[in-house]
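The values are calculated or read from the model by the stated rules, or taken from the named source; none is laboratory data. From a predicted model like this one, the values you see are computed outputs, not experimental measurements. Please note: Cβ atoms are built from the backbone with ideal geometry, for glycine as well, and neighbour counts cover all protein chains shown.
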Amino acid sequence: MMSTQVWMMRLVTQVVLPKFGWTTTEGTVLKWLKQEGDSINEGEVICEVETEKATVELEAPGSGVLRKIIAKEGTKLQVGELVALIGELGDELPESK
């Protein structure tokens, strides 16, 4: 008799700096409102980002645990760059710079 194992693969959600407006090309992380290990829900504000025109709130693109903050406060990022990782405790995280 053959046994079948089902592997449940959980995905880690990458939080990247979105394009907040037509001309936005970069932003600076001003303040983290959540810390590594905090549970967060999709749509919840996790940090504040300053662009050349305004200070905006960055919302979590998924629910889970804020596993790793990549961009510390004061870090300047280009649109599309990695800000943080959301997953579940025990999830294997990809290597980051």
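Taking residues in region 17-32 that are part of a strand (DSSP E or B), and partners anywhere that are among the small types (Gly, Ala, Ser) and at pLDDT 90 or above, the pairs with Cβ atoms closer than 6 Å and at least 6 places apart or on different chains are Val29/Ala71. Working only within region 81-97, note down all residues that are of a type outside the set (A, V, I, L, M), at pLDDT below 95 and out of contact with any Ser or Thr (no Cβ under 8 Å at 6 or more places or on another chain). Glu88, Gly90, Asp91, Glu92, Pro94, Glu95, Ser96, Lys97, listed by residue number.
Residues that are without any contact (Cβ under 8 Å) to a residue 40 or more places away in the chain and either polar (S, T, N, Q) or under 15 Å from Thr25 (Cα atoms) (or both) within region 36-95 comprise Ser39, Asn41, Val49, Glu50, Thr51, Glu52, Lys53, Ala54, Thr55, Val56, Ser63, listed in sequence order.
Scanning region 51-79 for residues that are within 12 Å of Pro18 (Cα to Cα) and surrounded by 14 or more Cβ atoms within 10 Å (Cβ to Cβ) yields a total of 8.
Considering region 14-34, the residues that are modelled with pLDDT of 90 or more, surrounded by 14 or more Cβ atoms within 10 Å (Cβ to Cβ) and among the β-branched types (Val, Ile, Thr) include one that is nearest to the chain's Cα centre (by Cα), namely Val15.
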